[in-house]
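Every number in this text was worked out from the coordinates using simple rules, so none of it is lab data. Keep in mind the model is a prediction, meaning the values are calculated, not measured. Positions of Cβ are generated from backbone atoms using ideal geometry, with glycine treated the same way; all protein chains shown enter the neighbour counts.
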C-alpha cells in the first residue's frame, strides 16, 4: 500500500492535529444529529434491561432490540411484534433499536441470527423472540406476585400492566422492571401458537416510518463522526485488474484534498469533504493493469452456457425415465431460455465510516450482516473481535447487495492507512455498480413430451448457471450442484411421471451474489413461461393446465385458484390486453400472480395490474406483507422489462440510472395482495417469494397479445410489434 | 464565501462555488435528509425546493442557489407536518426510506399547486426512482394528502 500526501500538511501532522482537536473520547458520543433518539443504533436505552432483547423504562416504555437489518422489509416492526405478542405490553409504548453485534460476540452469540437474507427474519427467529417476550412477562408477573404476596397464577397481564383482579391491584411494567430483572424463572413458559395470538396477524403501521418522512432516519451515508475525513474510492474497472501506476498530483492540487491512498484493487482520495474527495478522484487518470479478463464478454459467456445445454448435466432431481419417455412421446416441444447478469441497484450507494482508537474500533454502515463486517475488521486491523463495534444503520435498500462485506473491507483498509483519523468512504453510483456483485447469468433448456391425449408424460430441464456458492462456500457444492442455482427447478411441483432436472455449474470472472429471490428469479421465470408453452401444446388454458398438474399440492392449488378468482381469470379483455398467470414456491412461501398487460401495436409493454395470492403460512404484520408483495412485484418487473448488466471488454456497461431503466410511478401497475394462508405451524418468508412469478406472468400475457414467446430477459430487447 | 438561505436560516459557507448544493447541505450544514443516489440527476433522491420549485441538488452548483430560498425535507413541516408527510405516515409509504425525502419534496410541490391531482398529474410529477416499489402507496397517499390539504383550506 502506498500513500501520497498533500503538501504542506503531512499525514503525520494532520493526524496529530485531528487527535489533538477531538481527543480520544469521541467514539461513544459520536451521534451526528440532534435527534439522536431516531438513530437505530442509539443503544443504552433508558430503563432496566430485562434481557438482552428488551429494556423497560420507568414510564413502561419498552425498547426491543432487533438483530435483523431494516432495509425496507419491516423488521423494525415485525421483530418487536414477535416479542410484544408475548410481553403483553402497550404497543404504543414500543421502540425498536438495533441489537449489538459486538455484544453478541462477547456474550456467546446472544442475538443468534444477525445476518438478514433468505427471507428468513420471521421464520428463523420467531420462536426465540416470542420466548424472550414470554419470559419477560412471566418475570414481571413473578415480581408482582412477590410484591403483593399472591400466587403468580392469580395474575394476568395486559397493555403493560400486571393485574391482580381479586384485590383490584395493578402495577405498571415500569414499576416492576427492576424487581423482574433480578428474577430467574424455574422454567421457561410455553409460547403462544397460531390461534392464540393477540397482536400477530394485526395490520400495523411501521415504527420506522415517522423518521423516514422528515429526514431524521439515519442511514450509513448520514453518519458524521467528529474529526472525520471523507474518502472517494474507485477500483479497477475490470475484475482481477490492478493499479499499475497513479500520478496523485492532479488530486492533491484540488482544494481540501489531503491524501491519495492506493488500496487493494484501487485507490482512495481523502479530503475535508466528500465533494473535494470526489473532485480529486475525478481529476486522476489511473493507469490500470486490466489483467487477464480485459476481453471478458457476457455475450460470449451466454453463448458458452447455451452450448453446455447440448450435453447432459449433473442430475439434480430425477423421477422415472425422462429420456425414454421423450423418445416415445407423441409430441415433444423444446425451448431455450436465458436471463442476464444483473446489478442490485439499491438506492443508497455503498459507504462505510470507520474510527480506529487505541482500544476499540467503531464501524458505521448499513449492512445485512454486521457480524461479517466485525470479523473483517478484526482480521484487517488485527484487533480482538470483542473490541470491534459495528453500528448498523438503516439500509438504503439491500436486495442482497449489502450482505457482502466487500465495501466495508475496502473502507477498513483505507481507515487502517489513515490511522486514528475517522473516515467515511463513499462509492459513486458507478463505482458501487462496477465493484458490486451480480445476479448470476443463467441459460435453461426445457423439453416436454405429451401422449396422444395431450397429457404431459416427460419433462427434461437443463440449466447452466453461474454458481454463487462455488465461490463463496465451496464446501456446500456437492457433485457439481449448487442448490441456489437449481432452486425452483429441482423442486418443480407439477405432477409429471418422468422428470430429469440437470445442471451445469458455471463460473466466469464476473463476481456473483445473492439477488432478491436468488435462483428462483431466473428459474421461476423460465419454468413458468415454459409451462405456458406446454399448456398450449396440450391445447389447454394456462390455468386449467396448471390445476390439472397440481392436484397433489393442495396449498399451491389453493393459492393458484385464489389469484385466478380474484383476478377474474378469463374475463374479457380489451384488444391489445391480456392476462398471464404464474405460480412459484420459494423461501417457504407460495405465490401466484395474474398479470394484466397491454402491448401497443408499436410494441410498447405496459403492465396494468398484478393480482397476487400469497401463502406464507401465518402472518406477523399483514400490512408489511402487502408492502413486500408490492415491492417484489415492482423490483421483479424492473428486472423483467429492462434489467441487464452487460459485460463488454471486462467491464459493466450499465453503471448508473441513465442506462439502468427501472419502473417509475407512471409504469407501476396496480397491485393487489390476497392471503391464501395455510396456517398451522407453517411460517414462510416474505421479502422475496412474490418476485419470481412476476416475469413469467407478464411474458405469458405478452404472448397472448403478440404471439411472441419471450424466452430471454429482459423483455425490452424483443421487437413486440404486432397486428 | 457563499450565503445560503436554507429552511429560513441564513448560512455563510466557505466552499468552492462549483460544489453541488447537495454536498453543501449534507456535509457543511449537516442536513442529511437530502440523499445522494446517482449524481447525474436521474433518480431524484437529492430533490430540494429552490425558490419553491423541486430541484435536483446533485447537479446544481451551490453558486446557482445563493440568494434564493432553499427548503429541504428538514424544513418541509411547519408547526405541523406537511399534508404529504401526514399522508405518508397514514399510508405507511416508506420502506427502506432512502428515496422518500426526494419523493416528498416533489409530492409536496404537487399538492401545494394542485388541489386535486389526477393519476395522470401524479404520473407526470412523480418521476423519482424508488427501488423498493412504494409507488402504489405513494399514489394513494398523494390523493389522501390532497384531501387533507383541501380540508385544511376549508377549515382556515
**Asked** What base-10 log of the normalised intensity I(q)/I(0) is obtained for segment A:305-394 from the Debye formula, alpha carbons as equal point scatterers, at q = 0.12, 0.13, 0.19, 0.23 Å⁻¹?
**Response** -0.64, -0.66, -0.94, -1.18
**Asked** How long are the three semi-axes of the equivalent ellipsoid for chain A, computed from the Cα gyration tensor as the root of 5 times each eigenvalue, in whole Å, largest first?
**Response** 44, 38, 21
**Request:** Work out the mean other chain Cβ neighbour count within 10 Å for the residues of B:40-52 and drop it here as an integer.
**Result:** 2
**Asked** Between segment A:308-378 and segment B:60-117, what's the alpha-carbon centroid distance in Å?
**Response** 37
**Complete:** Counted neighbours (other Cβ, 10 Å), sorted fewest up, put A:183, B:73 in the order A:183, B:73
**Theoretical FRET efficiency, 1/(1+(r/R0)^6), r = Cβ-Cβ of residue A:169 and residue B:114, R0 41 Å, to 0.05** = 0.10
**Request:** Compare B:119, B:79, B:18 in a GNM of chain B, Cα atoms joined below 10 Å, and give the one with the largest fluctuation.
**Result:** B:79
**Asked** Which three extents, in whole angstrom, do the alpha-carbon atoms of segment A:381-452 cover along their principal axes, largest first?
**Response** 76, 31, 24
**Item:** Average other protein chain Cβ within 10 Å of Cβ, residues A:669-676
**Value:** 1
**Item:** Sites residue B:121 and residue A:574 - FRET efficiency at Förster radius 30 Å, r taken between beta-carbons, to 0.05
**Value:** 0.80
**Asked** Counting pairs of alpha carbon atoms under 8 Å apart in space and at least six apart in sequence, what relative contact order in percent does chain B give?
**Response** 23
**Asked** What do you get for Rg/Rh of segment A:66-187 when both radii come from the Cα atoms and Rh is the Kirkwood radius?
**Response** 1.03
**Prompt:** Mean separation of Cα pairs under 8 Å and 6+ residues apart, divided by the residue count of chain A: what relative contact order is that in percent?
**Reply:** 15
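Quick one: Kirkwood hydrodynamic radius for segment A:60-126, alpha-carbon pairs, angstrom, one decimal?
Computed over Cα pairs of segment A:60-126, the Kirkwood hydrodynamic radius comes out at 12.4 Å.
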**Request:** Just need the Rg to Rh number for segment B:64-103, please, alpha carbons only, Kirkwood Rh.
**Result:** 1.06
**Message:** Give me the tail of P(r) for segment B:105-156 as a percent: Cα-Cα pairs with distance above 18 Å.
**Reply:** 27
**Asked** Is there a simple number for the mean count of other chain Cβ atoms within 10 Å of the Cβ of residues in B:17-24, and what is it?
**Response** 3
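Can you pull the Rg over Rh of segment A:208-367, Cα-only, Kirkwood?
Radius of gyration relative to Kirkwood radius: 1.19.
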**Extent along principal axes [Cα atoms of segment A:528-676; Å; largest to smallest]** = 49, 41, 31
**Prompt:** Which peptide among A:208-220, A:252-264 comes first, and what is the full order, when sorted by highest mean count of other Cβ atoms within 10 Å?
**Reply:** A:208-220, A:252-264
**Asked** Between segment A:135-211 and segment A:478-539, how many Å separate their Cα centres?
**Response** 48
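What does the highest-first list of A:188-201, A:404-417 look like by mean Cβ count within 10 Å?
Descending mean neighbour count gives A:404-417, A:188-201.
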**Longest to shortest principal axis, alpha-carbon extents of segment A:547-607, angstrom** = 42, 25, 18
**Request:** Take the Cα radius of gyration of segment A:343-499 and divide it by 2.2 N^0.38 Å, with N its residue count; two decimals is plenty.
**Result:** 1.46
**Request:** Would you calculate the separation in nanometres between label points at residue B:13 and residue A:314, each defined as 7 Å from the Cα along the Cα-to-beta-carbon direction?
**Result:** 5.5
**Item:** Equivalent-ellipsoid semi-axes of segment A:635-711, from the Cα gyration tensor, Å, largest first
**Value:** 29, 19, 14
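Give the relative contact order (percent, whole number) for segment A:587-723; include only Cα pairs under 8 Å separated by 6+ residues.
Over segment A:587-723, the number comes to 41 percent.
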**Message:** Averaging over every viewing direction, what projected area does the convex hull of the Cα atoms of segment B:1-103 cover, in nm²?
**Reply:** 6.4
**Message:** For a protection proxy built on the mean count of beta-carbon atoms within 10 angstrom, sort A:632-638, A:491-497 highest first, please.
**Reply:** A:632-638, A:491-497
**Request:** Summarise the long-distance tail of P(r) for segment B:17-63 by giving the % of C-alpha pairs beyond 18 Å.
**Result:** 16
**Prompt:** Mind listing P(r) for segment A:89-144? All alpha-carbon pairs, 5 Å bins, whole percents.
**Reply:** 4, 14, 17, 26, 22, 12, 4, 1, 0
**Prompt:** How long are the three semi-axes of the equivalent ellipsoid of segment A:50-89, in whole Å, if each is the root of 5 times an eigenvalue of the C-alpha gyration tensor, listed from largest down?
**Reply:** 19, 10, 9
**Request:** Please grab the % of Cα pairs in segment A:425-517 that end up more than 17 Å from each other.
**Result:** 59
